[in-house]
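Just below is one structure, and these are the notes that go with it.
Coordinate-derived values only; no laboratory data. Just so you know, these numbers come straight off a predicted model, no measurement behind them. Note that we place each Cβ from the backbone using ideal geometry, even for glycine, and neighbour counts take in every protein chain shown.
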Amino acid sequence: MAIVNLQNVTYKYPLTDSPALQNINLQVKEGEFLAVIGPNGAGKSTLCYTLAGFVPHFFKGELTGTVEVASQESSKSNLSEWVLNVGLAFQNPFNQISGAKFTVFEEIAFGLENTGVPRDEMKVRVEDAMKLTEISDLADRSPYSLSGGQQQRVALTSILVMQPKVLVLDEPTSQMDPIGTREVFGVIRTMAEKGMTVVLVEHKVEWIANFADRVVALHEGQIILDGKPREVLTSDALLDKGFGISRYTSVARKAKEQGLWNKADLPITLGEAVEGFRK
Amino acid sequence: MHGRLSFYVRRDSAIHHLNPLTKVVLALSIILVAFIAPWDWTATLLFFLVIVPLCFAGKVSREFFRSATRLIIPASGFIFIMQAFFQPVGQDIIFKFWFLDVTQESLIFAFRTSTRIAVMISSFTFFLLTTHPSELMSDLTRRGLPGQFAYVIISSLQILPQMQAKAQTIISAQRSRGLDTESTFLKRAGAIVPLVGPLVFGSLVEVEERAIAIEARGFTSTHKKTSLQNIADSGMDKIMRWVLLGLVITTLVLNIWLS
């Protein structure tokens with residue numbers, strides 16, 4: 001059953017002429033891991049803001065169509081209620097630290113304090129969430145004294161602790177080094193394994209290939225492809241449009257032109273590439 | 001960059017366990033009594049007989065004396081000298097320095113003013129050393145202070161050091177591209193624009209992102225907020241606050257009665 005349901009969604013930011021999203025129809029099943037790819041300016045962040053209720057409750061402008069999560073309609077709810085449906089984490093970990101708390105433990109509890117969770121339950125939920133994302137050892141540190149990867153894990157934990165029905169991640173590793181990226185994807189993997197519904201916008205397609213159940217390609221505000229990771233990530237429709245393409249796919253595509261790749265499908269992961277080239 | 005974000009020193013003392021509001025009332029009462037009391041020696045006595053013992057009781061005497069030598073003594077010393085020389089009161093000239101006369105009255109006035117300022121700074125110092133800012137704000141929010149107001153106070157404590165660090169990065173970046181920030185005054189003044197521009201605009205962008213981040217965590221939720229910290233407010237705290245208020249009123253009455 002679809003937990004996220006977008007019907008004919010078109011959105012224009014204030015003072016702009018062209019829509020950032022055009023006629024988007026998108027359903028995400030409960031427990032599904034959906035990855036969204038697209039070049040810069042494709043509308044990926046706008047899609048995240050729309051799912052998370054910031055369009056239209058924070059960013060004004062014109063929104064048409066319907067955005068439903070768990071059978072509730074976004075335009076009929078308010079932002080502070082909607083955040084309990086959809087959790088949003090984004091690129092810059094530094095700007096996601098509230099600034100209101102002095103330790104990581106307090107930082108993670110911030111959202112629960114705001115939504116009126118009783119103290120005893122709050123402590124248990126914070127501890128559980130920190131265990132899940134493996135940051136229990138950071139509990140007493142200042143959020144500002146952490147590395148980028150650690151800060152991003154704190155930001156993710158701060159959202160997870162609120163137990164949203166859907167987790168929306170807007171390029172959570174774009175400012176991370178390889179170590180930070182691995183740390184953050186470790187958390188995302190745990191979420192996927194727990195059966196959480198995740199919508200992940202990401203440029204690092206090699207990671208998507210390992211996680212996603214389904215991939216949507218967004219271009220100039222429209223969905224141009226929607227399907228299984230292999231189908232979408234190896235599609236010729238992505239070429240020359242500024243999409244990030246896995247280096248494994250690119251190498252195999254070149255090799256295929258030279259007659260050096262004999263398999264029917266192009267690879268999307270390192271393992272597949274190694275296997276294909278061995279043959 | 002990640003230095004201490006507040007003056008608070010974590011210790012286990014009776015003072016630390018007092019309710020934050022009680023400490024606010026205590027610090028303000030000391031200051032008010034120092035300023036209202038009609039006697040010249042009140043502030044000095046308050047400093048030595050109240051504030052210093054309180055700092056010992058709060059196990060923050062070392063930190064207190066460090067700030068006393070760095071801030072309280074220089075600030076009140078400066079005020080003493082300025083008042084003694086430039087306060088045009090009294091006739092009994094004790095000594096002359098160039099065209100400036102120091103009279104007995106101006107000396108007394110300077111003594112009274114500088115000791116009051118010393119009490120004011122040291123009372124706040126004591127308060128800041130023993131009160132965690134987030135505990136204070138949680139307690140005040142629970143008592144009805146708007147959450148947004150508390151957020152502004154607390155976040156500026158944390159975000160200002162980050163902005164300082166960012167300003168330093170921008171200075172380094174602009175200097176590496178040849179911007180002169182160290183020669184004549186005029187050149188330095190001209191260098192302000194390429195330094196302040198990126199800092200201000202960068203911060204404005206950050207404000208939007210931070211607003212989204214805290215909204216995503218229910219900051220404007222209409223639920224009644226709860227607090228992670230259980231901040232005790234004992235009967236003793238309540239009694240202390242009433243006694244302190246009584247002391248301030250008594251001092252006020254004495255001042256009016258004696259004048």
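Is it possible to state the helix-based mean residue ellipticity at 222 nm for chain B, with each DSSP H run of 4+ residues giving -39500 (n - 2.57), the sum divided by total residues, to the nearest 500 deg cm²/dmol? What is it?
Values: 12 runs with 174 residues, N = 259.
My calculation for chain B gives -22000 deg cm²/dmol from helical runs alone.
Among B:LEU245, B:LEU32, B:LEU199, which one moves the most in a GNM of chain B with springs linking Cα atoms closer than 10 Å?
B:LEU199
Output the pairs from A:LYS29/A:LYS165; A:LYS204/A:LYS228; A:LYS44/B:LYS166; A:LYS60/A:LYS204; A:LYS131/A:LYS194; A:LYS12/A:LYS241 with a Cα-Cα distance over 19 Å in this structure; if there are none, say none.
Values: A:LYS29/A:LYS165 11 Å; A:LYS204/A:LYS228 17 Å; A:LYS44/B:LYS166 29 Å; A:LYS60/A:LYS204 30 Å; A:LYS131/A:LYS194 14 Å; A:LYS12/A:LYS241 22 Å.
The answer is A:LYS44/B:LYS166; A:LYS60/A:LYS204; A:LYS12/A:LYS241.
Which one, B:ASP92, B:ASP233, B:ASP101, has the greatest fluctuation when you compute a Gaussian network model over chain B with C-alpha springs under 10 angstrom?
Result: B:ASP92 has the largest fluctuation of those listed.
Among all stretches of chain B without exposed chymotrypsin sites (Phe, Trp or Tyr not before Pro) (DSSP loop, at most 14 other Cβ atoms within 10 Å), which one is longest? All intermediate terms of the calculation are to be shown ahead of the outcome.
Working: sites that count: B:TRP39, B:TRP41, B:TRP98, B:PHE99.
Result, exposed sites excluded: B:100-259.
Where does segment A:188-279 land on Rg/Rh, using Cα atoms and the Kirkwood Rh?
Computed over Cα atoms, the ratio is 0.99.
Around B:THR44, under 15 Å between beta carbons, what's the net of Lys plus Arg minus Asp minus Glu among the other residues? Each step should come with its number before you reach the end.
Working: positive: B:ARG112, B:ARG116; negative: B:ASP40.
Net charge around B:THR44: +1.
Could you grab the Rg to Rh ratio for chain B? Cα atoms only, Kirkwood for Rh.
Rg/Rh: 1.06.
Quick query: amide H of A:ALA35 versus all other amide H atoms, modeled in the peptide plane; which residues come in under 5 Å with a sequence gap of 5 or more or a different chain?
For A:ALA35, whose amide H was placed from the backbone, the distant partners under 5 Å are A:LEU200, A:ASP213, A:ARG214, A:VAL215, A:VAL216.
For A:ALA20, which sequence-distant residues (separation of 5 or more, or a different chain) have an amide H within less than 5 Å of its own amide H, given hydrogens modelled in the peptide plane?
A:TYR11, A:LYS12, A:TYR13
First measure r as the distance between the Cβ atoms of A:ARG189 and B:LYS96, then evaluate 1/(1 + (r/R0)^6) with R0 = 60 Å and state the FRET efficiency to the nearest 0.05. Don't jump to the answer; show the numbers that get you there.
Values: r = 82 Å, r/R0 = 1.37.
Approximately 0.15, to the nearest 0.05.
How large are Rg and Dmax for the protein assembly as shown when calculated on the C-alpha trace, in angstrom?
Cα only, the protein assembly as shown: 30.6, 108 Å (Rg, Dmax).
Among the complete DSSP H segments of chain B, which ones combine at least 15 Å of alpha-carbon extent along their axis with a mean Kyte-Doolittle hydropathy of -1.0 or more?
Details: long enough: B:20-36 (24 Å, 2.39); B:73-86 (19 Å, 1.71); B:104-130 (39 Å, 0.99); B:147-176 (42 Å, 0.32); B:192-215 (34 Å, 1.21); B:235-258 (34 Å, 1.39).
Answer set is B:20-36, B:73-86, B:104-130, B:147-176, B:192-215, B:235-258.
Which cross-chain or sequence-distant (5 or more) residues have an amide H under 5 Å from the amide H of A:LEU225, H modelled 1.01 Å from N in plane?
Placed amide hydrogens put A:ALA217 under 5 Å from A:LEU225.
What does the convex hull of the alpha-carbon atoms of segment A:31-103 project to on average, in nm²?
On the way: hull surface 27.2 nm².
Convex hull of Cα atoms, orientation-averaged projection: 6.8 nm².
Read phi for every residue in segment A:95-109 and hand back ³J(HN,Hα) as whole Hz from Karplus 6.51 cos²θ - 1.76 cosθ + 1.60, θ = phi - 60°, with x for Gly and Pro.
After applying 6.51 cos²θ - 1.76 cosθ + 1.60, I find 6, 8, 6, 4, x, 9, 10, 9, 10, 4, 4, 5, 4, 5, 6 Hz.
Which of B:GLN174, B:GLN104, B:GLN87 moves most in a GNM of chain B, Cα contacts under 10 Å?
B:GLN174
If you take every residue apart from A:GLY31 with its C-beta less than 11 Å away from the C-beta of A:GLY31, what net charge results, scoring Lys and Arg +1 and Asp and Glu -1? Walk me through the intermediate numbers first.
Working: positive: A:LYS29, A:LYS165, A:LYS194; negative: A:GLU30, A:GLU32, A:GLU193, A:ASP213.
Around A:GLY31, the surrounding residues sum to -1.
Please compute the net charge surrounding B:PRO20, taking Lys and Arg as +1 and Asp and Glu as -1 over other residues with Cβ under 14 Å from its Cβ.
With Lys, Arg at +1 and Asp, Glu at -1, the neighbours total +1.
Compute for segment B:33-99: radius of gyration divided by Kirkwood radius, i.e. Rg/Rh, restricted to C-alpha atoms, rounded to two decimals.
Details: Rg = 15.8 Å, Rh = 14.4 Å.
Rg/Rh for segment B:33-99 comes to 1.09.
Output ³J(HN,Hα) for segment A:129-137: one whole-Hz value per residue in order, computed from phi by the Karplus curve 6.51 cos²θ - 1.76 cosθ + 1.60 with θ = phi - 60°, and x for Gly and Pro.
5, 5, 5, 4, 9, 6, 10, 4, 6
Write out the trypsin sites (Lys or Arg not before Pro) in segment A:168-207 meeting two conditions: DSSP loop, and at most 12 other Cβ atoms within 10 Å of their Cβ. Present the calculation step by step, with values, prior to reporting the outcome.
Working: sites: A:ARG182, A:ARG189, A:LYS194, A:LYS204; in loops: A:LYS194, A:LYS204.
Here the sparse-neighbourhood loop sites are A:LYS194.
For segment B:126-168, list residues with backbone N below 19 Å from a point placed 7 Å from the Cα of B:ARG62 toward its Cβ?
B:126-131
Would you give the gap between the C-alpha center of segment B:94-137 and the C-alpha center of segment A:27-90, rounded to a whole Å?
Using only Cα atoms to place each centre, the spacing works out to 57 Å.
Can you list, bin by bin at 10 Å, the percent of alpha carbon pairs in chain A, starting at 0?
Spelled out bin by bin, chain A gives 7, 28, 33, 22, 9, 2, 0 percent.
Starting at the first residue of segment A:263-279, write each ³J(HN,Hα) from the Karplus equation 6.51 cos²θ - 1.76 cosθ + 1.60 with θ = phi - 60°, in whole Hz, x for Gly and Pro.
Going residue by residue, I get 6, 5, 9, 7, x, 10, 10, 4, x, 5, 5, 4, 4, x, 6, 4, 6 Hz, with x marking Gly and Pro.
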